[in-house]
Amino acid sequence: RILKRQMECRRDIDRLNASFIEIYESLVLPQEEKAKQKQLLAVLEKLVNREWPQAKLYLYGSCANSFGVLKSDIDVCLAIEDANINKSEVLLKLADILQSDNLQNVQALPRARVPIVKLMDPVTGISCDICINNVLAVVNTKLLWDYAQIDVRLRQLAFIVKHWAKSRGVNETYQGTLSSYAYVLMCIHFLQQRRPAILPCLQEMEPTYSVTVDDIKCAYFDRVEKLQGFGSRNREPIAQLVWAFFNYWAYRHDYVNAVVSVRTGSIISKQEKDWTRRVGNDRHLICIEDPFETSHDLGRVVDKHTIKVLREEFERAADILQYDPNPCVTLFEPY
Ligand code: GTP
Ligand code: MG
């Protein structure tokens, strides 16, 4: 009887795996979408270079970190080396230039937390946000991309977690829940922590890539092609990892003391970071350290109400994966 039960279990896991992989594949951006993004970037670059010949445009965020799902907007960074520029002036000038071309809904938001120009390209149908000199975001985009090359299970897990977060309404920083960037970092950290580990800690290895941005040294091992197969001693299938991820955030994470740190590949203490009390609007109720801006807690947006919402959602997800006969449907039900 035990053997029979074990075989049924095996079949359930196989079925769940197949469903998760199907969901993952339905979310991955098709090649032709990527080509359209490149095309739009080239158009923008030409326009920008007429005014600022030295300026460069970089894609960042989910269109460049390999965690982009269908229908996401693209994030572009305009990098101008001149240290004396006034960002708001450049932003308004940029909006002017784009407006006079064929682009639609051009709108400058100089007072946003990250000031941007928004636009829509009628040719490709792509919406785009352009920020100025946000080079750290370009560098952390590369870090995420590099991690994604090491083991396919990172992208699978992160796509499922992002899809869950969007479906359940817990992916809205302006409403006090977490950004996609924060969720991807949580996934990387989680896979660094599996035993055997599925991901290494690139920032603890001998650096092969190093840049200094806004006085922050960003250095890590980026020859990730050398790390192919790093996680192969761990054979956990994606269904098991999704379950363990939610179980960790529902029942095992120490919300009182722990900070999740991709930089060190481990848990560090709130004490050590002086993140034990509320400072201004930063409450540190769930702590996720930015890998480069280490004074920056990506959980700072979470307040005493939304921490409850988040934890209830983690518990809901964990319980569904444990007990629900059809978890792949229930998990992503709109809230
Ligand atoms: P979706 O648009 O939801 O698909 O995800 P995304 O990967 O584009 O994430 P998001 O829109 O949250 O952020 C875009 C990029 O901005 C991220 O990939 C990071 O590079 C950067 N970013 C976002 N939030 C922060 C932050 O708090 N600190 C820093 N340093 N960078 C951030
Ligand atoms: Mg984005």
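Some points to look at:
- The mean sequence distance of close C-alpha pairs (under 8 Å, at least 6 residues apart), as a share of the length of the chain, puts its relative contact order at 15 percent.
- The angle between the Cα long axis of helix 87-99 and the longest principal axis of the Cα atoms of the chain comes to about 80 degrees, rounded to the nearest 10.
- Rolled with a 1.4 Å probe across the full set of protein chains, the surface gives Val301 an accessible area near 40 Å².
- Average silhouette area of the chain, convex hull of alpha-carbon atoms, in square nanometres: 18.7
- Average accessible surface area per residue within the stretch 1-101, 1.4 Å rolling probe, Å²: 65
- Helix-only [θ]222 nm of the chain, DSSP H runs n ≥ 4, -39500 (n - 2.57) each, per residue, nearest 500: -13500 deg cm²/dmol
- The residue list Pro237, Gln192, Tyr181 was ranked by how far each Cα lies along the charge dipole of the stretch 180-242 toward its positive end, using unit charges on Cβ atoms, and Pro237 comes out on top.
- Taking all protein chains together, Thr330, Thr208, Thr177 sort by accessible area into Thr208, Thr330, Thr177, largest first [probe 1.4 Å].
- Other residues with beta-carbon under 10 Å from the beta-carbon of Thr294 carry, at +1 per Lys or Arg and -1 per Asp or Glu, a net charge of -2.
- In the assembled protein chains, Arg223 presents an accessible area of approximately 110 Å² (probe radius 1.4 Å).
- Axis of helix 31-51 versus longest Cα principal axis of the chain: the two differ by about 30°, to the nearest ten degrees.
- The stretch 208-286 - percent relative contact order, Cα under 8 Å, separation 6 or more: 14
- Carbon and sulfur %, accessible surface of the stretch 53-181 computed with the full protein complex present, 1.4 Å: 47
- Solvent-accessible surface (1.4 Å probe) assigned to Glu236 amounts to roughly 30 Å².
- Whole-percent carbon and sulfur share, accessible surface of the stretch 285-335, 1.4 Å: 50
- For Val213, the residues whose modelled amide H falls within less than 5 Å of its own, excluding neighbours fewer than 5 places apart on the same chain, are Cys218.
- Taking other residues whose beta carbon is less than 13 angstrom from the beta carbon of Cys9, and scoring Lys, Arg as +1 and Asp, Glu as -1, yields +3.
- Crossing angle, helix 180-193 versus the chain [Cα axis fit, 0-90 degrees, rounded to tens]: 40
- Positive dipole terminus of the stretch 294-335, leading residue within Ile320, Val301, Pro334 (C-beta point charges): Val301
- For the stretch 6-54, pairs of C-alpha atoms spaced more than 18 angstrom apart make up 61 percent of the total.
- Based on C-alpha pairs under 8 angstrom that are at least 6 apart in sequence, the stretch 168-324 has a relative contact order of 25 percent.
- When its C-alpha radius of gyration is set against 2.2 N^0.38 Å (N residues), the stretch 176-335 gives a value of 1.12.
- Shape annotation for the stretch 67-130: C-alpha extents along the principal axes are 38, 30, 21 Å, from largest to smallest.
- Of the residues Leu310, Leu285, ranked by 1.4 Å probe accessible area with the largest first, the sequence reads Leu285, Leu310.
- With all protein chains kept in place, the per residue accessible area of the stretch 148-213 amounts to 35 square angstrom at a probe of 1.4 angstrom.
- Taken along the Cα-to-beta-carbon direction at a fixed 7 Å, the label points for Leu47 and Leu3 span 6.9 nm.
- About the centre of its Cα atoms, the stretch 119-211 shows a dipole size close to 420 debye [charges on the beta carbon of Lys, Arg (+1) and Asp, Glu (-1) only; nearest 20 debye].
- Estimated dipole of the chain in Debye, rounded to 20 [Cβ of Lys and Arg +1, of Asp and Glu -1, Cα centre]: 980
The values are calculated or read from the model by the stated rules, or taken from the named source; none is laboratory data. Since this is a predicted model, take the numbers as computed values, not measurements. Positions of Cβ are generated from backbone atoms using ideal geometry, with glycine treated the same way; all protein chains shown enter the neighbour counts. Accessible surface areas use protein heavy atoms only, side chains included; no ligands, DNA or RNA. Shrake-Rupley method; radii C 1.70, N 1.55, O 1.52, S 1.80 Å.
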